[in-house]
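> Please see the structure below; I have some questions.
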Amino acid sequence: MLKLRNHTATARLEPAPPFAGHGPQGAERATFAAGCFWGVEAAFRQINGVLATAVGYTGGHVPYPSYERVCRGRTGHAEAVEVWFDPAQVSYAELLETFWRIHNPATRNRQGFNFGRQYRSAIFYHDAGQQEAAIASRDAQQQSRKRHIVTQITPASAFYPAEGYHQQYLEKHGRPSHAATIL
């Protein structure tokens, strides 16, 4: 007899740890999931005031997941980008504008040719101000869209940086701004 454990029933989300070194001095953190993290990271890295980014996994129940485990769809994690930004140069609201522009928030668990729960649309907020801004931004976006926005807005939990070869992947391969989102 095969007995499966229900990981979600006993899962507890951990507080979101900061980047190593606690991020750049005076910076704030934002975390977004909008499909394959390579293109999402490239889009945010082009914004003046974004000081650092990392691609990784968050929102799931398996600690320290690998890319392969996340792709199998059993960790609950989304491919996500953690963004450190200087609020004197770029606002969280401006980051939200980029988030909505670079993907289709009305497709559940899919962006372009990528499908699976790890490609879901999500905003992981780090404080009450980010939560309020994310909800207001989503509601404003919904006014201009025919299809219902399915983006999750949820508290940030542990962020696990992806393997080194995923970090700044498109820049390393000479394609600094590529995304395969089909709207």
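> Per residue, how big is the convex hull of region 19-170 when only Cα atoms are used? Give it in Å³.
Working: hull volume 15.9 nm³, N = 152.
Spelled out: Cα convex hull of region 19-170, divided by residues, is 105 Å³.
> Now a separate question. Could you tell me which GluC sites (Glu not before Pro) in region 82-155 are loop residues by DSSP with no more than 11 other beta carbons within 10 angstrom of their beta carbon?
none
> Quick one: grab the alpha carbon gyration tensor of region 94-162, order the square roots of its eigenvalues as a ≥ b ≥ c, and give me rounded if a/c is under 1.5, else prolate or oblate depending on whether a/b is larger than b/c.
Numbers: a/c = 1.90, a/b = 1.02, b/c = 1.86.
Judged from the Cα gyration tensor, region 94-162 comes out oblate (a/c at least 1.5, b/c at or above a/b).
> For region 19-170, what relative contact order do you get, as a whole percent, if you take Cα pairs closer than 8 Å and at least 6 residues apart?
Numbers: 301 pairs, mean separation 49.7, N = 152.
Averaging sequence separation for qualifying contacts and normalising by length gives 33 percent for region 19-170.
> Which loop chymotrypsin sites (Phe, Trp or Tyr not before Pro) in region 56-128, with loop taken from DSSP, have no more than 12 other Cβ atoms within 10 angstrom of their Cβ?
Phe113
> Taking amide hydrogens as modeled 1.01 Å from N in the peptide plane, which residues meet the under 5 Å criterion relative to Gln152, leaving out close sequence neighbours?
Ser121, Ala122, Ile123
> For Arg74, enumerate residues with amide H under 5 Å from its amide H, sequence gap 5+ or separate chain, H modeled in the peptide plane.
none
> Each residue of region 118-132 in turn: what ³J(HN,Hα) in whole Hz from Karplus with 6.51, -1.76, 1.60 and θ = phi - 60°, glycine and Pro shown as x?
5, 9, 5, 8, 7, 10, 9, 8, 9, 7, 4, x, 5, 4, 4
Every read-out reported here was derived from the displayed coordinates using simple, explicitly stated rules and does not represent laboratory data. Computed from a predicted model, the values in this text were never measured in an experiment. Backbone-built Cβ (ideal geometry, glycine too); neighbour counts: all protein chains shown.
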